[in-house]
1. Let me confirm something: among 182, 216, which residue is under 18 Å from residue 248 (Cα atoms), in contact (Cβ under 8 Å) with a residue 60 or more places away in the chain and of a type in the set (S, T, N, Q)?
2. In the stretch 230-260, what residues are over 17 Å from the mean Cα position of the chain (by Cα) and either under 20 Å from residue 112 (Cβ atoms) or without any contact (Cβ under 8 Å) to a residue 40 or more places away in the chain (or both)?
3. For the stretch 187-213, what are the residues that are of a type in the set (A, V, I, L, M) and closer than 13 Å to residue 248 by Cα?
4. Of all residues being within 30 Å of residue 209 (Cα to Cα) and in contact with a Lys or Arg (Cβ under 6 Å, 6 or more places away or on another chain) in the stretch 52-70, which is surrounded by the fewest Cβ atoms within 10 Å (Cβ to Cβ)? Just the residue, please.
5. From the set of residues in the stretch 38-65 that are hydroxyl-bearing (Ser, Thr, Tyr) and modelled with pLDDT of 95 or more, which is nearest to the chain's Cα centre (by Cα)?
6. Can residue 213 be described as closer than 15 Å to residue 47 by Cα, part of a helix (DSSP H, G or I), modelled with pLDDT of 90 or more and touching a Leu at 6+ places or on another chain (Cβ under 9 Å)?
7. State whether one or more residues within the stretch 211-221 are on the phi > 0 side of the Ramachandran plot and either surrounded by fewer than 16 Cβ atoms within 10 Å (Cβ to Cβ) or among the small types (Gly, Ala, Ser) (or both).
Amino acid sequence: MNFIHKKVKIMKKLLITTIGIIMIATSPAALKGQKIMKLNNDLKSSSQPVEAKRKGMSTVGKYEFGSYRIVSGKGGWGIGTSKKKMFSFKTNTESKSKSSFVLTINDKDTINVNTSTNTKFSETEIGDFAFLNNSVDNYSVIISPEYDTTLWKMAVTFNMGEDVNGEFNASGALTDGKVNIQIREVRVWEDGKTPMMKVICGYEFYLDNTALAAVQSCIDATKKKFVWLKQDLDKPTKDVLAAASAALLVHTDSQAAQMN
């Protein structure tokens with residue numbers, strides 16, 4: 001079996017409850033109460049939530065939020081390897097892929113975004129039963145504004161599986177080599193409730209413990225996606241944070257696709 005198809009099969013078995021929620025919750029009753037993730041209080045008072053809407057069908061989601069719009073993109077699965085020792089129930093698999101997209105600001109300024117994903121996961125398979133021990137997803141992003149010579153790099157590590165505390169977690173950083181912005185996961189909704197299967201609601205961006213921006217990007221497709229950008233940010237910083245948020249939206253789509 002192709003290692004990618006096998007991975008999809010394993011993920012389906014592991015996260016069948018989450019998939020069920022995503023498919024069932026499309027009824028009017030389920031869609032009635034849309035969730036907003038719990039936001040840092042200072043960021044909440046100094047920003048407005050802007051819904052990120054995906055337009056059309058494409059490999060890389062063409063998201064639009066405020067003055068920002070993904071106008072083109074390309075990507076897909078790359079290469080992969082799978083190893084299983086003789087007389088062992090455990091299989092170790094690694095896959096690598098790349099993608100890119102172009103983000104415009106007011107249909108004027110342009111930011112080029114290139115991503116690469118390296119995923120390593122360990123699974124145990126006994127007969128028809130299989131479960132994921134651990135999956136480590138390393139997501140690397142290069143953000144290149146055309147109107148600026150500054151190059152930004154973002155790296156986020158996602159973990160999930162039976163061996164992961166809380167089943168899902170993520171952390172990362174965004175930097176230009178001088179400024180270091182921390183990326184923190186958000187695991188609870190504004191009403192204090194935790195998502196089913198403890199999936200991640202979204203992410204916040206912090207500089208010296210001050211929240212600058214946030215993106216709500218949950219693999220539960222029934223939950224709307226939002227972006228928050230602190231109002232007093234300078235244009236270059238705001239644009240880079242918008243591009244980083246767009247990259248996380250695109251990556252969430254990729255994660256969700258693997259589970260369907």
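1. When all the criteria are applied, what remains is 216.
2. Within the stretch 230-260, 233, 234, 235, 236, 237, 238, 239 meet the criteria.
3. 200, 213, listed by residue number.
4. Applying the filter and picking the extreme gives 64.
5. By that ranking, first place goes to 63.
6. Judged against the criteria, residue 213 is not a match.
7. Looking for residues that are on the phi > 0 side of the Ramachandran plot and either surrounded by fewer than 16 Cβ atoms within 10 Å (Cβ to Cβ) or among the small types (Gly, Ala, Ser) (or both), one finds none in the stretch 211-221, hence no.
The values are calculated or read from the model by the stated rules, or taken from the named source; none is laboratory data. Model, not experiment: these values are computed from the prediction. When we count neighbours, we look across all protein chains shown, and the Cβ atoms used for this are built from the backbone with ideal geometry, even at glycine.
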